[in-house]
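First comes the structure, then the notes that go with it.
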Amino acid sequence: MAQAKSNKVADKVVATEKQSSASDSYTNFKPYEASKNEEYMNPRQLEHFQNILLEWKRELMEKVDETVHHMQDDSGNIPDPNDRASQESDFTMELRTRDRERRLIKKIESSIKHLDDDEYGFCGNCGEEIGIRRLEARPTADLCIDCKTLDEIREKHISH
């Protein structure tokens, strides 16, 4: 009995980890195929990234709705203290994940605004191109790889 309960908890943890890591990046798109001598951030590329950002935001918003319904459905009075503690722990983990996704939604909205302002795809520090592949890996990137690396080095030195 204890083994079955332990497996059930482990399954929930794995499912939550998969859910949270899946929300960290969006991969459900066809990679952009650039034409030869194509101008960077042309209308076709802008549309490609706008579609990625809007779809990613839509998926995250759906997860938020699912969480609300799930917590409303499962919030009944559970008499067993162990089961109640387990449920509260699950809810806490789920809310933590959703809070991280809420911050991600804000970053996505900021990236969409950059698209609208014709600033998307260019480094916020040096103005250089961020690059198509980097943006596909992290559509909310606002720094080129060089500036991001320098940022991380500075952060590492400050924290030590």
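Structure data summary
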{"item": "Selection within the range 111-128 - within 22 Å of the chain's Cα centre (by Cα) and loosely packed, with under 14 Cβ neighbours inside 10 Å", "result": "Lys113, Asp116, Gly124"}
{"item": "Verdict on Arg96 being over 19 Å from Ala137 (Cα atoms) and either at pLDDT 85 or above or in the same structural domain as Leu135 (by TED's automatic domain parsing) (or both)", "result": "yes"}
{"item": "Matching residues, the range 25-46, being surrounded by 14 or more Cβ atoms within 10 Å (Cβ to Cβ), in a loop (DSSP other than H, G, I, E, B) and either modelled with pLDDT of 95 or more or in the same structural domain as Asp116 (by TED's automatic domain parsing) (or both)", "result": "Met41"}
{"item": "Count of residues meeting criterion [more than 30 Å from Ile130 (Cβ to Cβ) and part of a helix (DSSP H, G or I)] in the range 47-81", "result": "10"}
{"item": "Residue count for the range 88-145, restricted to those that are in contact with a Cys (Cβ under 6 Å, 6 or more places away or on another chain) and β-branched (Val, Ile, Thr)", "result": "1"}
{"item": "Residue in the range 145-152 that is touching a strand residue (DSSP E or B) at 6+ places or on another chain (Cβ under 8 Å) and at pLDDT 85 or above present", "result": "no"}
{"item": "Neighbours by Cβ (under 6 Å, 6+ apart or cross-chain): first from the range 82-99, in a helix (DSSP H, G or I); second polar (S, T, N, Q)", "result": "Met93/Thr16; Glu94/Thr67; Thr97/Ser20; Arg98/Thr67"}
{"item": "Failed condition for Lys107, given (1) outside the structural domain of Phe49 (by TED's automatic domain parsing); (2) not in a loop (DSSP other than H, G, I, E, B)", "result": "(1)"}
{"item": "Matching option when the condition is at pLDDT below 90, closer than 19 Å to Ile105 by Cα and loosely packed, with under 11 Cβ neighbours inside 10 Å, among Lys63, Lys18", "result": "Lys18"}
{"item": "Residue check, Phe49 among the hydrophobic types (A, V, I, L, M, F, W, C), at pLDDT 90 or above and not assigned by TED's automatic domain parsing to the domain that holds Ala137", "result": "yes"}
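The values are calculated or read from the model by the stated rules, or taken from the named source; none is laboratory data. Small disclaimer: the values here were computed from a predicted structure and weren't measured. Glycine gets a Cβ as well: all are built from the backbone with ideal geometry, and neighbour counts include every protein chain shown.
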